[in-house]
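Enquirer: The structure follows.
The values are calculated or read from the model by the stated rules, or taken from the named source; none is laboratory data. What you are looking at is a predicted structure, and each value in this text was computed from that prediction instead of being measured. All Cβ positions, even for glycine, are placed from backbone atoms using ideal geometry, and neighbour counts span all protein chains on display. For accessibility, only protein heavy atoms count, side chains too; no ligands or nucleic acids. Shrake-Rupley method; radii C 1.70, N 1.55, O 1.52, S 1.80 Å.
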Amino acid sequence: MKKKTNEAETASVRRSSKMTYDLVMTALFTALIAVCAMITIPTTVPFTLQTLAICLAGGLLGFKRGTLSVVIYVLLGLAGIPIFSGFKAGPAVLLGPTGGYIIGFIVTAAIVGFVSDKFGTKLWISILSMTAGVLVCYVFGTAWFIIVYNNSKGNIDLLKVLSLCVFPFIAFDAVKIAVAAVLTNRLKKPHVF
């Protein structure tokens, strides 16, 4: 009877420790994303380091915790905490022309996290998953930019939006993907993340 009680207590402590660890890591990566959003070069769609942090969250934390950290980041910004790029916040940012890119961050983390969980974090796997995640983010953001712009200011064509919102970012995002993939590959250890 005593042995069963000790095993149950040990299992309970392990579950509690894992839950605490998961909460801390999720919060830590939410904060990292917010800090990386503050490192900004303002343009139509600002240059930030968010993509780096989001790819790291998905790669290191996996699908569940990585995606959750981005969802929390978006919800905090939506609630009015100025953590979007340029210290912006609120529903107007998400409903504005660049809001689709912010929503796309959630999908990016989900894609990277899913691939990390299922296929591991070999360098080439991380690069492919992060590239796919960022491309999907481009699709979300570009589609949303066109919808918002066309509803408020008139017609804008796809090539013009791509030249404003995607083409200038490709090289910069490729560097962030490379850095995130290398860090994920080096840091992802079974006992660390």
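Enquirer: What nm value, rounded to one decimal, do you get for the distance between ALA79 and ALA92 when each label is placed 7 Å out toward the C-beta?
Expert: 2.1
Enquirer: Could you state the number of Å between the C-alpha centres of the stretch 6-29 and the stretch 61-81?
Expert: The stretch 61-81 and the stretch 6-29 have Cα centres separated by 20 Å.
Enquirer: So for the stretch 102-181, averaging the separation of alpha carbon pairs under 8 Å that are six or more residues apart and normalising by length, what relative contact order in percent results?
Expert: Over the stretch 102-181, the number comes to 34 percent.
Enquirer: Calculated FRET efficiency, GLU7 and MET38, Cβ-Cβ r, R0 45 Å, to nearest 0.05? It would help to have the intermediate numbers written out before the result.
Expert: On the way: r = 47 Å, r/R0 = 1.05.
So the FRET efficiency works out to roughly 0.45.
Enquirer: Now for a separate question. Whenever you get a sec, compute what percent of the accessible area on the chain sits on carbon and sulfur atoms (1.4 Å probe).
Expert: Carbon plus sulfur share of accessible area: 73 percent.
Enquirer: Using label points projected 7 Å from each Cα along Cα→Cβ, tell me how many nm separate ARG15 and VAL136, to one decimal.
Expert: Label at ARG15, label at VAL136, 3.1 nm between them.
Enquirer: Expressed as a whole percent, how much of the Cα-Cα distance distribution for the stretch 26-92 exceeds 17 Å?
Expert: Values: 806 of 2211 pairs.
In whole percent, the share of Cα-Cα pairs in the stretch 26-92 beyond 17 Å is 36.
Enquirer: Can you pull the percent of Cα pairs in the stretch 117-158 with separation above 15 Å?
Expert: Distances greater than 15 Å cover 56 percent of the Cα pairs.
Enquirer: While we're here: Net charge within 15 Å of THR43 by Cβ-Cβ distance, Lys/Arg positive one each and Asp/Glu negative one each, not counting THR43 itself?
Expert: Computed value for this residue: +1.
Enquirer: While we're looking at this one, here's another question. Explain nothing, just the number: relative contact order of the stretch 36-193, from Cα pairs under 8 Å at least 6 residues apart, as a whole percent.
Expert: 28
Enquirer: Additional query: Label points 7 Å out from Cα along the Cβ direction at ILE170 and VAL182: separation in nm?
Expert: That separation, rounded to one decimal, is 2.3 nm.
Enquirer: From the gyration tensor of the Cα coordinates in the chain, what semi-axes in whole Å does the equivalent ellipsoid have, largest first, with each one equal to sqrt(5λ)?
Expert: Working through the eigenvalues yields semi-axes of 35, 19, 13 Å.
Enquirer: Something else: Can you give the accessible area per residue of the stretch 83-165, in Å², using a 1.4 Å probe?
Expert: 51
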